[in-house]
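Peer 1: Below are the structure tokens for one structure; questions will follow.
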Amino acid sequence: MPNFREFYSRYLLRAAPTHFLLLGIVLASALFIYTPQAPNATSTVSALETSQDIELAKKVGKEIIAACPIVTDVKNLAAYNSCAQKLSQLKTLRDTMNAPFLWGAQSKVGNYNIKDSQTTAFDPLVWRRIYLATFMFKGEPQIEQVNNLIVIHLPTQFRNQFDIGAYPYPFWHSSKKWDSYQQSTELLLFLEQEKLKGALRSAVIDPQRPKVNHAWNGKWIWTDARGNKQPYVTLYTRLFSPSNPHVAEVDAAYRAFEVKLRQNACVVCHSPDNASKQNPLLILSYPNQALSLRHETVRQIKEKRMPPPAGIFDDQERQQLIELAQTFAQAGDRALAYEGEKLTSGKN
């Protein structure tokens, strides 16, 4: 700017009077362009919100690590159960999680756009108690900011030596998925505007980590030698507190609903193998995982969108399924409310 003014002064000494007015207009315009502007209120608020997200991310990360520390004995069921219980009751984590909550494997190292990865949508309680608890954590959370997105990096180790009924479903139906659980070095949680949108198993793997191999026998559900339904962790008795008075109600509602779902081929699309290539996948074939879709099924059956392409043709059959879906959704709400969970009937 000093050089510009010096040039202007020299020019005035020899410029014709008719040029003075024109140059004055030019100078005024130039000075207006170069004048520093006052800080934008919107950007200031955004910076404040980002700062709050970073502090919240640190708190969430530290609490998860503290709830589920690494233990030497990977088969330690007591540590697993303790971890699941603590995660269920972490108020900050519970209040921060979005519903539905997305979970999957990172598509590519460094890609933090969760929509680019194949995910499954979960009820928040189901994810943190049944899925997150299968991991152990160590060290400190690493917080990374990518534009307005806050990425929480949690160093992790997977509990890979349990009996197969302790896993939400047979992950080993896909060797790639099973290896992702066993060898991923960290979990990535994504926070934006004080909401955890989802989590991914990092694409950064450690091939030296020991692996347990399971043969896939094609069975998603089975009964063990003692007559117990498996995987046992999918049952409501595993998900909800022993004192929850709505467990039997929601279980009965799901069983009746699930029979009709199978009769109308709904579980063909809504099973872990994801034959219909949904993204995110919505699972109905297991009791606890069906909770994430409990309100959406009512809407889609009513609107003849489920099953595709045009819903259930028979009006009486469709109405029966709607009523069963509503009963299940209401029972699920009561059971989750008892646990202190936030309820939503929003669209998945």
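The values are calculated or read from the model by the stated rules, or taken from the named source; none is laboratory data. Please read these numbers as outputs of a predicted model, since none were measured by experiment. No Cβ is skipped: glycine too gets one built from the backbone with ideal geometry, and neighbour counts run over all protein chains shown. Ligands, DNA and RNA are excluded from the accessible area calculation, which covers all protein heavy atoms including side chains. Shrake-Rupley method; radii C 1.70, N 1.55, O 1.52, S 1.80 Å.
Peer 1: Can you find a residue in region 215-227 that is assigned to a strand (DSSP E or B) and within 27 Å of Thr156 (Cα to Cα)?
Peer 2: Taking every residue of region 215-227 in turn, none turns out to be assigned to a strand (DSSP E or B) and within 27 Å of Thr156 (Cα to Cα).
Peer 1: Across region 226-253, what is the number of residues that are over 21 Å from Gln85 (Cβ atoms), among the basic types (Lys, Arg) and open to solvent by less than 70 Å² (accessible area, probe 1.4 Å)?
Peer 2: Adding up the residues that qualify gives 0.
Peer 1: Would you be able to say whether some residue in region 122-140 is surrounded by fewer than 20 Cβ atoms within 10 Å (Cβ to Cβ) and of a type in the set (S, T, N, Q)? Steps first, please.
Peer 2: Here is the first cut: in region 122-140, the residues surrounded by fewer than 20 Cβ atoms within 10 Å (Cβ to Cβ) are 138-140.
Then drop every residue that is not of a type in the set (S, T, N, Q), which leaves none.
So far as region 122-140 goes, no, none of its residues is surrounded by fewer than 20 Cβ atoms within 10 Å (Cβ to Cβ) and of a type in the set (S, T, N, Q).
Peer 1: Okay, next question. Would you be able to say whether some residue in region 231-240 is in contact with an Asp or Glu (Cβ under 8 Å, 6 or more places away or on another chain), of a type in the set (A, V, I, L, M, F, W, C) and under 25 Å from Val298 (Cα atoms)?
Peer 2: For region 231-240, residues in contact with an Asp or Glu (Cβ under 8 Å, 6 or more places away or on another chain), of a type in the set (A, V, I, L, M, F, W, C) and under 25 Å from Val298 (Cα atoms): present.
Peer 1: Return the pairs, sorted by first residue and then second, in which the second residue is aliphatic (A, V, I, L, M) and assigned to a helix (DSSP H, G or I), the first residue lies in region 225-244 and is without any contact (Cβ under 8 Å) to a residue 40 or more places away in the chain, the beta carbons are less than 8 Å apart, and the residues are 6+ apart or on different chains.
Peer 2: Thr237/Val247
Peer 1: For region 295-304, enumerate the residues that are within 22 Å of Ala253 (Cβ to Cβ), open to solvent by 10 Å² or more (accessible area, probe 1.4 Å) and touching a helix residue (DSSP H, G or I) at 6+ places or on another chain (Cβ under 8 Å).
Peer 2: Those that are within 22 Å of Ala253 (Cβ to Cβ), open to solvent by 10 Å² or more (accessible area, probe 1.4 Å) and touching a helix residue (DSSP H, G or I) at 6+ places or on another chain (Cβ under 8 Å): His295, Val298, Lys302.
Peer 1: I would also like to ask the following. So which residues in region 281-296 are in contact with a His (Cβ under 8 Å, 6 or more places away or on another chain), in contact (Cβ under 8 Å) with a residue 60 or more places away in the chain and part of a loop (DSSP other than H, G, I, E, B)?
Peer 2: Within region 281-296, Leu282, Ile283, Ser285 meet the criteria.
Peer 1: Could you identify the single residue in Leu56, Leu48, Leu12 that is modelled with pLDDT of 95 or more and farther than 21 Å from Val233 by Cα? Break it down into steps so the answer makes sense when it comes.
Peer 2: Working: Leu48 fails: modelled with pLDDT of 95 or more; Leu12 fails: modelled with pLDDT of 95 or more.
From the options Leu56, Leu48, Leu12, the qualifying one is Leu56.
Peer 1: Continuing with this model, one more query. Would a scan of region 202-225 turn up a residue that is buried (at least 17 other Cβ atoms within 10 Å of the Cβ) and within 20 Å of the chain's Cα centre (by Cα)?
Peer 2: Yes; the residues of region 202-225 include at least one that is buried (at least 17 other Cβ atoms within 10 Å of the Cβ) and within 20 Å of the chain's Cα centre (by Cα).
Peer 1: Let me spell it out: the conditions are (1) modelled with pLDDT of 95 or more; (2) in contact with an Asp or Glu (Cβ under 9 Å, 6 or more places away or on another chain), and Ala252 meets all of them except one. Which number is the exception?
Peer 2: (2)
Peer 1: Scan region 60-76 residue by residue and report those that are surrounded by fewer than 15 Cβ atoms within 10 Å (Cβ to Cβ) and in contact with a Lys or Arg (Cβ under 9 Å, 6 or more places away or on another chain).
Peer 2: Passing the criteria: Ala66, Pro69, Lys75.
Peer 1: From the list Leu23, Leu102, exactly one residue is surrounded by 12 or more Cβ atoms within 10 Å (Cβ to Cβ) and modelled with pLDDT under 50. Which is it?
Peer 2: Exactly one residue qualifies, and that residue is Leu23.
Peer 1: Six or more apart or on different chains, Cβ atoms under 9 Å: show the pairs whose first residue is in region 257-276 and under 22 Å from Trp172 (Cβ atoms) and whose second is aromatic (Phe, Trp, Tyr) and assigned to a helix (DSSP H, G or I).
Peer 2: Short answer, once both residue conditions are applied: Pro272/Phe171.
Peer 1: So, one more: Of the residues that make up region 319-332, is at least one of a type in the set (Gly, Ala, Ser), touching a Pro at 6+ places or on another chain (Cβ under 9 Å), in a helix (DSSP H, G or I) and in contact (Cβ under 8 Å) with a residue 40 or more places away in the chain?
Peer 2: No, region 319-332 has no match at all.
Peer 1: Enumerate the helices (runs of 4 or more DSSP H) found wholly within region 233-279, keeping only those where 2 or more residues are within 19 Å of Ile130 (Cβ to Cβ). Reasoning before the result, please.
Peer 2: Working: elements: 236-239, 247-263, 266-269.
Output list reads 236-239, 247-263.
Peer 1: Considering only region 182-201, state which residues are of a type in the set (D, E, K, R) and surrounded by fewer than 19 Cβ atoms within 10 Å (Cβ to Cβ).
Peer 2: Scanning region 182-201 gives Glu192, Glu194, Lys195, Lys197.
Peer 1: Further question on the same structure: Would you call Leu87 at pLDDT 95 or above, in contact with a Lys or Arg (Cβ under 8 Å, 6 or more places away or on another chain), among the hydrophobic types (A, V, I, L, M, F, W, C) and part of a strand (DSSP E or B)? I'd like the intermediate steps shown before the answer.
Peer 2: Values: at pLDDT 95 or above: yes; in contact with a Lys or Arg (Cβ under 8 Å, 6 or more places away or on another chain): yes; among the hydrophobic types (A, V, I, L, M, F, W, C): yes; part of a strand (DSSP E or B): no.
Against the criterion (at pLDDT 95 or above, in contact with a Lys or Arg (Cβ under 8 Å, 6 or more places away or on another chain), among the hydrophobic types (A, V, I, L, M, F, W, C) and part of a strand (DSSP E or B)), Leu87 does not qualify.
Peer 1: Restricting the search to region 254-281, which residues are of a type in the set (A, V, I, L, M, F, W, C) and open to solvent by 10 Å² or more (accessible area, probe 1.4 Å)?
Peer 2: Scanning region 254-281 gives Ala256, Val259, Ala265, Val267, Val268, Cys269, Ala275.
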